[in-house]
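K.L.:
My questions will all concern the structure given below.
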Amino acid sequence: MANHVWQDLESHHDQHADDLMTDLFASNPDRAKHYRIQLGPMLLDYSKNRINNETLDLLGRLACASSLKTSREAMFAGDLINNSEHRPALHTLLRTDSEHIPPQLSNEAAEVDAARGQIRRIAKQINERSWLGAIGQPITDIVHVGIGGSHLGPRMIDEALSFKRKSPVHIHYVANVDGHHLDDVLGTLNPGTTLVIVVSKSFSTMETKLNAESARHWLLSEIQEMDLDKHQIAITSNVQAAQRFGITPDNILPMWDWVGGRYSLWSAVGLPIAISNGADAFDELLDGANQMDQHFATAPWPKNMPLMMAMLGVWNHNFLGAETSAVLPYDHRLRLLPAHLQQLDMESNGKSVTREGSSVTTSTGPIIWGGEGTNGEHAFHQLIHQGTRLIPVDFILPLNADHEMPEHHHQLVSSCLSQSQALMQGQPAAQIDAEPQVVAHMVMPGNRPSNTLMIDRLTPSTLGMLVALYEHKVFCQAMIWKINPFDQWGVRLGKEIGAEIYDHLVHGTTLSSADPSTRALIQHFQNINGSV
Ligand code: F6P
């Protein structure tokens, strides 16, 4: 059935390949009224896509013909939908309300509740300055050590919400194993008033382990080993490894194997969010995400926002051939959102075998990238407007500003709206008044698709909705492509080879797997550095 619909979509695309969005608007002046979904404070306008009612009908049929509905129920119910790791994917349980806890998940829900209590207690102690360091002084700085999902999500949310921050502590996020970063951060801090939070689901990630060890060493330059409990917290599912590292059980907050790293910001991984913005703000973030979950679980096609974004993405990627997709938030506070969504989408859907292990028959996972507006307009928008590639864009625009400079906000809003209009309308040669030899360079092809997501105001709740929207979009696309979005086996091989090269460089062990090119590069490093 799904194959038939796929073929119907291909024929439909062939038939409408030359349709212009401007013509579609001319023939249906109400298009913008119909091609939109409103959910509370969030509006998705998808009218600037190369679609008509028949496209939507076919995309709806494709969604119906996939396992999407049953898989969605299975995800919320805690079934083992991460089949290559035999685990559920229960990030939605982290933010659900008591009414929606599936009875079979009451034990897990109780653990989530207990972890929320720990978050609240720690955030309060730090903010009320009653968490004292070894020298009897309150904590002034936190070094947050973690990478990937243990870094991007919490940092993005923290920075988005902490405009005019209330917290008396400054959080410094360190992810990269590159010592330039940790050295730079620690160089400005006092160990006696610094708390190190080590976030690692596995507690075995090379970057995090080494940064945590170096930070511990730095703490011990000023404080006694017996006082480390006042300066170290771990958030992990590997409690034993954290204890072996020297973190007291009271300071270890849980992660669970049923939450993937890139979906973990809703768990204790969100501790820095609660510290910077208060535990109430963290609760509001979870409530917003839960609102999106309930919408996703119940809204029918074509009124289901994550499903609509997913199917438009499938249309653009698989039928219009768009290899990448840009996320352009017009809000400085959301500048880290593209990086978070990049991990969320590309680590989830960067797969080429189906859930059953056979090769996929369609292209999966577009490249996700982006940056904050308006900065990107003066950097990479040229290629989106006039380059040879089709790059669908998600414009994200909070409608109310939280500063008192209306002129800035009105310029920002105008810029965002101008970009999607220019991408769609383009500019033909006939409209360009310039020297004849320059006209061809100035022609704007137009007909380039975009979504506009408007949010009444950026709050913890609307931000929760926004991130959950993309999580479910990614999930729906995975179901259409029949892949497992919850594993990430592809990151392993590089790590294993890295460990072998490290042992060779540092301990002189034999390199068994290195190819001639890599061997030559290693040799060059050794020629320049001598032996390490
Ligand atoms: O490299 C992949 C990965 O496992 C990500 O999925 C994860 O977010 C990151 O590494 C960090 O993992 P951990 O939280 O176990 O340190």
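The values are calculated or read from the model by the stated rules, or taken from the named source; none is laboratory data. Bear in mind the structure is a predicted one, so any value in this text is a computation, not a measurement. Virtual Cβ from ideal backbone geometry, glycine too; neighbours counted across all protein chains shown. SASA here: full protein model, heavy atoms, side chains in, ligands and nucleic acids out. Shrake-Rupley method; radii C 1.70, N 1.55, O 1.52, S 1.80 Å.
K.L.:
Would you tally the residues in the stretch 225-240 being touching a strand residue (DSSP E or B) at 6+ places or on another chain (Cβ under 8 Å), more than 14 Å from the ligand (Cβ to nearest atom) and part of a helix (DSSP H, G or I)?
P.N.:
Taking the stretch 225-240 and keeping what is touching a strand residue (DSSP E or B) at 6+ places or on another chain (Cβ under 8 Å), we get 230-237, 239.
The next check asks that each one be more than 14 Å from the ligand (Cβ to nearest atom); those that pass are 230-233.
Checking the rest, the ones that are also part of a helix (DSSP H, G or I) come to 230.
Residues that pass the stated criteria total 1.
K.L.:
Continuing with the same structure: Go through the stretch 245-254 and give me each residue that's open to solvent by less than 10 Å² (accessible area, probe 1.4 Å) and either basic (K, R) or in a loop (DSSP other than H, G, I, E, B) (or both). Can you show your working first?
P.N.:
Start the filter on the stretch 245-254 by keeping residues that are open to solvent by less than 10 Å² (accessible area, probe 1.4 Å), which leaves 247, 253.
Listed by number, the list holds a single entry, I247.
K.L.:
Criterion first (at pLDDT below 95, farther than 27 Å from A326 by Cα and away from the ligand (no atom under 16 Å from the Cβ)) does S517 satisfy it? Don't jump to the end; show me each part of the working.
P.N.:
Details: at pLDDT below 95: no; farther than 27 Å from A326 by Cα: yes; away from the ligand (no atom under 16 Å from the Cβ): yes.
In short, no.
K.L.:
Just checking, does the stretch 477-492 include any residue being within 27 Å of the chain's Cα centre (by Cα), within 16 Å of the ligand (Cβ to nearest atom), buried (at least 18 other Cβ atoms within 10 Å of the Cβ) and polar (S, T, N, Q)?
P.N.:
Checked the stretch 477-492: at least one residue is within 27 Å of the chain's Cα centre (by Cα), within 16 Å of the ligand (Cβ to nearest atom), buried (at least 18 other Cβ atoms within 10 Å of the Cβ) and polar (S, T, N, Q).
K.L.:
Same structure, new question: Looking only at the stretch 11-35, filter to residues that are more than 20 Å from P302 (Cα to Cα) and charged (D, E, K, R); which one of those is most open to solvent (accessible area, probe 1.4 Å)?
P.N.:
By that ranking, first place goes to D18.
K.L.:
Something else: Please list, ordered by residue number, the helices (runs of 4 or more DSSP H) wholly in the stretch 425-524 having 3 or more residues that are free of Cβ contacts under 8 Å to residues at least 60 places away in the same chain.
P.N.:
Details: elements: 436-442, 460-481, 492-507.
In the stretch 425-524, 436-442, 492-507 are the helices (runs of 4 or more DSSP H) which contain 3 or more residues that are free of Cβ contacts under 8 Å to residues at least 60 places away in the same chain.
K.L.:
Filtering the stretch 141-160 down to residues that are surrounded by fewer than 22 Cβ atoms within 10 Å (Cβ to Cβ) and part of a helix (DSSP H, G or I), which residue is nearest to the ligand (Cβ to nearest atom)? Talk me through it step by step, then tell me what you get.
P.N.:
Quick first cut of the stretch 141-160, residues surrounded by fewer than 22 Cβ atoms within 10 Å (Cβ to Cβ) only: 141, 147-148, 155, 159.
Among the residues that remain, those that are also part of a helix (DSSP H, G or I) are: 148, 155, 159.
Values: G148: 3, R155: 12, E159: 18 Å.
My answer is G148.
K.L.:
Considering each residue of the stretch 307-330, count those that are out of contact with any Cys (no Cβ under 6 Å at 6 or more places or on another chain) and closer than 22 Å to A2 by Cβ, and give that number. Even if it seems obvious, please write down each step before you answer.
P.N.:
Of all residues in the stretch 307-330, those out of contact with any Cys (no Cβ under 6 Å at 6 or more places or on another chain) come to 308-309, 311-329.
Checking the rest, the ones that are also closer than 22 Å to A2 by Cβ come to 308-309, 311-322.
The total comes to 14.
K.L.:
Restricting to the stretch 340-372, what's the tally of residues that are under 18 Å from L453 (Cα atoms) and either among the hydrophobic types (A, V, I, L, M, F, W, C) or outside the structural domain of P460 (by the TED database) (or both)?
P.N.:
Total meeting the criteria: 3.
K.L.:
H408 is checked against (1) open to solvent by 80 Å² or more (accessible area, probe 1.4 Å); (2) not in a helix (DSSP H, G or I) and fails just one. What number does that condition carry?
P.N.:
(2)
K.L.:
Given the structure, is Q243 more than 12 Å from the ligand (Cβ to nearest atom) and without any contact (Cβ under 8 Å) to a residue 12 or more places away in the chain? Before the answer, list the steps.
P.N.:
Values: more than 12 Å from the ligand (Cβ to nearest atom): yes; without any contact (Cβ under 8 Å) to a residue 12 or more places away in the chain: yes.
Yes.
K.L.:
Can you name the residue in the stretch 36-57 that is touching a strand residue (DSSP E or B) at 6+ places or on another chain (Cβ under 6 Å) and basic (K, R) and, of all such residues, is most open to solvent (accessible area, probe 1.4 Å)?
P.N.:
Residues of the stretch 36-57 that are touching a strand residue (DSSP E or B) at 6+ places or on another chain (Cβ under 6 Å), as a first pass: 36-37, 41-46, 48.
In the following step, the residues that additionally are basic (K, R) were identified as 36, 48.
Details: R36: 92, K48: 44 Å².
Among residues in the stretch 36-57 that are touching a strand residue (DSSP E or B) at 6+ places or on another chain (Cβ under 6 Å) and basic (K, R), the one most open to solvent (accessible area, probe 1.4 Å) is R36.
K.L.:
Given the criteria more than 27 Å from K33 (Cα to Cα) and at pLDDT 95 or above, does A440 qualify?
P.N.:
Numbers: more than 27 Å from K33 (Cα to Cα): yes; at pLDDT 95 or above: yes.
When the stated conditions are applied, A440 passes them.
K.L.:
If you don't mind, there's one more thing I want to ask. Give the residue, chosen from A326, A274, A310, A289, that is outside the structural domain of G370 (by the TED database) and under 18 Å from the mean Cα position of the chain (by Cα).
P.N.:
On the way: A326 fails: outside the structural domain of G370 (by the TED database); A274 fails: under 18 Å from the mean Cα position of the chain (by Cα); A310 fails: outside the structural domain of G370 (by the TED database).
So the residue among A326, A274, A310, A289 that is outside the structural domain of G370 (by the TED database) and under 18 Å from the mean Cα position of the chain (by Cα) is A289.
K.L.:
So N277 fits all but one of (1) buried (at least 23 other Cβ atoms within 10 Å of the Cβ); (2) of a type outside the set (A, V, I, L, M, F, W, C); (3) within 16 Å of the ligand (Cβ to nearest atom); what number is the exception?
P.N.:
(3)
K.L.:
Out of the stretch 225-244, which residues are surrounded by 15 or more Cβ atoms within 10 Å (Cβ to Cβ) and either modelled with pLDDT under 95 or of a type in the set (A, V, I, L, M) (or both)?
P.N.:
L228, I233, A234, I235, V239, A241, A242, listed by residue number.
K.L.:
Just need a number here: residues in the stretch 167-186 that are part of a loop (DSSP other than H, G, I, E, B) and buried (at least 18 other Cβ atoms within 10 Å of the Cβ).
P.N.:
Filtering the stretch 167-186 down to residues part of a loop (DSSP other than H, G, I, E, B) leaves 167-169, 175-178.
Adding the requirement that they be buried (at least 18 other Cβ atoms within 10 Å of the Cβ) leaves 167, 169, 175.
The number of residues fulfilling the criteria is 3.
K.L.:
Looking only at residues that are of a type in the set (A, V, I, L, M) and within 16 Å of the ligand (Cβ to nearest atom) in the stretch 207-224, which one is surrounded by the fewest Cβ atoms within 10 Å (Cβ to Cβ)?
P.N.:
Here is the first cut: in the stretch 207-224, the ones of a type in the set (A, V, I, L, M) are 210, 212, 215, 219-220, 223.
Then keep just the ones that are within 16 Å of the ligand (Cβ to nearest atom); that gives 210, 212, 215.
Numbers: L210: 14, A212: 28, A215: 24.
For the stretch 207-224, the residue satisfying everything is L210.
K.L.:
When you go through E372, E356 one by one, which is the residue that is assigned to a loop (DSSP other than H, G, I, E, B), open to solvent by 20 Å² or more (accessible area, probe 1.4 Å) and touching a Phe, Trp or Tyr at 6+ places or on another chain (Cβ under 8 Å)? Full working, then the answer.
P.N.:
Details: E356 fails: touching a Phe, Trp or Tyr at 6+ places or on another chain (Cβ under 8 Å).
Selected residue: E372, the only one of E372, E356 that is assigned to a loop (DSSP other than H, G, I, E, B), open to solvent by 20 Å² or more (accessible area, probe 1.4 Å) and touching a Phe, Trp or Tyr at 6+ places or on another chain (Cβ under 8 Å).
K.L.:
Here's something else I'd like to know. Answer yes if at least one residue in the stretch 315-323 is closer than 22 Å to H12 by Cβ, among the charged types (D, E, K, R) and either under 19 Å from the mean Cα position of the chain (by Cα) or not assigned by the TED database to the domain that holds G60 (or both), and no otherwise. Explain how you work it out, then say what you get.
P.N.:
Initial filter on the stretch 315-323 (closer than 22 Å to H12 by Cβ): 315-323.
Retained after the next criterion (residues that are among the charged types (D, E, K, R)): 323.
Now narrow it down to the ones that are either under 19 Å from the mean Cα position of the chain (by Cα) or not assigned by the TED database to the domain that holds G60 (or both): 323.
Yes, the stretch 315-323 contains a residue that is closer than 22 Å to H12 by Cβ, among the charged types (D, E, K, R) and either under 19 Å from the mean Cα position of the chain (by Cα) or not assigned by the TED database to the domain that holds G60 (or both).
K.L.:
Which one is nearest to H151 (Cα to Cα), of the residues in the stretch 320-340 that are part of a helix (DSSP H, G or I) and open to solvent by less than 20 Å² (accessible area, probe 1.4 Å)? Quick ask: steps written out before the conclusion?
P.N.:
Here is the first cut: in the stretch 320-340, the residues part of a helix (DSSP H, G or I) are 332-334, 337-340.
Keeping just the survivors that are open to solvent by less than 20 Å² (accessible area, probe 1.4 Å) gives 334, 337-338, 340.
Values: L334: 15, L337: 12, P338: 14, H340: 9 Å.
Filtering first and then ranking leaves H340.
K.L.:
To continue, here is another question. Residues being more than 16 Å from the ligand (Cβ to nearest atom) and open to solvent by 20 Å² or more (accessible area, probe 1.4 Å): count how many of those fall in the stretch 187-206.
P.N.:
Result for the stretch 187-206: 4.
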